[in-house]
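Notes follow the structure.
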Amino acid sequence: MSALPAYASPVQRVWYYAFRVIVGLIFFFLIAPILVIIPLSFNAEDFFTYTPGMLALDPEAYSLKHYRDFFSNSDWQQAMWNSLAIAPSATVLSVGLGTLAAIGLSQSHVPFRRAIMAILISPMIVPLIISAAGMYFFYSRVGLQGTYVGVVLAHAALGIPFVIITVTATLVGFDRSLTRAAANLGADPVRTFFKVQMPLILPGVISGGLFAFITSFDEVVVVLFVGSASQKTLPWQMFIGLREQISPTILAVATLLVAISILLLATVELLRRRSERLRGITPQ
């Protein structure tokens, strides 16, 4: 069955198909760099370009050597474990503080809500290099520069805006009569939050947490300013691999990060659909 109505004019028909072509071209423009990197990660040679054997689809031109190097190299493994230690800690802080801020700002009686919201989400707007420089000078004065705690707090500051935005969007459709009903039945505010409000906004909380995790796991600028060699993360090691060692292993790492990002974004989409169903909205 055609999506176009029978009475559509020729101009409408042309725009209908032209719009899809334009969207397809934009999608290809965005996804092409990723599609180029993935096959290169299986290159049997230590090159950043396609070899004649790869272009000829010769099986001997492909190898898992770069993946083996990632899982066997002590520098890459240390960087991976640093990222796996820092990102979850920063995510927990981001989710806790961001959720509380979103719930507070959703109350109509809070003064200067818009100004406070603008300040809290400013890390998403201010250029990252400026935030990193500011964190460096502040943390160096309070003794947090070059420490694990400093890197976690810096990444949490970058992740909190994502949590605030997703939780605030979830609270827009929240029926506040449910909390009033719980209070009338004798539930205290804490019990009302965990038994009534939290289950309904949980998809938004988890979505914000996933975005905060991705932000922390992929971040490199702030950790270069705030961290030290002992807090070298996976993106930092990739940066070194490009600048100093010219190691093709970064192609394998980039492919793994792309796979992780796709998995997390798919999870976010599933949570979004669940949130819409809980609010009685048909998922789009």
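The values are calculated or read from the model by the stated rules, or taken from the named source; none is laboratory data. Small disclaimer: the values here were computed from a predicted structure and weren't measured. Cβ: placed from backbone, ideal geometry, glycine included. Neighbour counts: every protein chain shown.
In segment 173-202, what residues are among the hydrophobic types (A, V, I, L, M, F, W, C) and closer than 21 Å to SER108 by Cβ? If you could, list the steps in order and put the result at the bottom.
Applying the first criterion (among the hydrophobic types (A, V, I, L, M, F, W, C)) to segment 173-202 yields 174, 178, 181-183, 185, 187, 190, 193-194, 196, 198, 200-202.
Once the filter is applied, which keeps residues that are among the hydrophobic types (A, V, I, L, M, F, W, C) and closer than 21 Å to SER108 by Cβ, segment 173-202 yields PHE174, LEU178, ALA181, ALA182, ALA183, PHE193, VAL196, MET198, LEU200, ILE201.
Within segment 221-261, restricting attention to residues that are closer than 14 Å to VAL151 by Cβ and not in a helix (DSSP H, G or I), the residue that is farthest from the chain's Cα centre (by Cα) is SER228.
Would it be correct to say that PHE48 is modelled with pLDDT under 85, of a type outside the set (D, E, K, R) and within 19 Å of ILE246 (Cα to Cα)? Answer is yes for this residue. Just wondering, is there one or more residues in segment 140-153 that are at pLDDT below 80, in a helix (DSSP H, G or I) and farther than 17 Å from LEU97 by Cβ? There is no residue in segment 140-153 that is at pLDDT below 80, in a helix (DSSP H, G or I) and farther than 17 Å from LEU97 by Cβ.
Taking segment 50-86 as the range and being within 29 Å of THR215 (Cα to Cα) and either assigned to a loop (DSSP other than H, G, I, E, B) or among the small types (Gly, Ala, Ser) (or both) as the test, the residues that pass are LEU64, SER72, ASN73, SER74, ALA79, SER83, ALA85.
For the residues PHE48, PHE28, the requirement of being of a type in the set (A, V, I, L, M, F, W, C) and under 16 Å from PRO248 (Cα atoms) singles out PHE48. For beta carbons closer than 8 Å, sequence separation of 6+ or different chains, a first residue in segment 111-129 that is touching a residue at least 12 places away in the same chain (Cβ under 8 Å) and within 13 Å of LEU158 (Cβ to Cβ) and a second that is hydroxyl-bearing (Ser, Thr, Tyr) and not in a loop (DSSP other than H, G, I, E, B), the qualifying pairs are PRO123/SER131.
Taking ILE129, is it touching a helix residue (DSSP H, G or I) at 6+ places or on another chain (Cβ under 9 Å) and either modelled with pLDDT under 85 or under 22 Å from LEU100 (Cα atoms) (or both)? No: the conditions fail for ILE129. Of the candidates THR51, THR91, THR99, the single residue that is surrounded by 14 or more Cβ atoms within 10 Å (Cβ to Cβ), of a type in the set (Val, Ile, Thr) and without any contact (Cβ under 8 Å) to a residue 24 or more places away in the chain is THR51.
Among residues of segment 251-265 that are closer than 11 Å to ILE34 by Cα, those with a Cβ under 9 angstrom from a residue that is of a type in the set (Ser, Thr, Tyr) and surrounded by 14 or more Cβ atoms within 10 Å (Cβ to Cβ), sequence gap 6+ or separate chain, pair up as LEU251/SER41; ALA254/SER41; THR255/SER41; THR255/TYR67.
State whether one or more residues within segment 163-172 are of a type in the set (A, V, I, L, M, F, W, C), touching a Gly at 6+ places or on another chain (Cβ under 9 Å), surrounded by fewer than 17 Cβ atoms within 10 Å (Cβ to Cβ) and touching a residue at least 12 places away in the same chain (Cβ under 8 Å).
Within segment 163-172, the first condition is being of a type in the set (A, V, I, L, M, F, W, C), and the residues that meet it are 163-165, 167, 169, 171-172.
Of the ones still in play, those that are also touching a Gly at 6+ places or on another chain (Cβ under 9 Å) are 163-165, 167, 169, 171.
In the following step, the residues that additionally are surrounded by fewer than 17 Cβ atoms within 10 Å (Cβ to Cβ) were identified as 169.
Filter once more, keeping what is touching a residue at least 12 places away in the same chain (Cβ under 8 Å): 169.
Yes, segment 163-172 contains at least one residue that is of a type in the set (A, V, I, L, M, F, W, C), touching a Gly at 6+ places or on another chain (Cβ under 9 Å), surrounded by fewer than 17 Cβ atoms within 10 Å (Cβ to Cβ) and touching a residue at least 12 places away in the same chain (Cβ under 8 Å).
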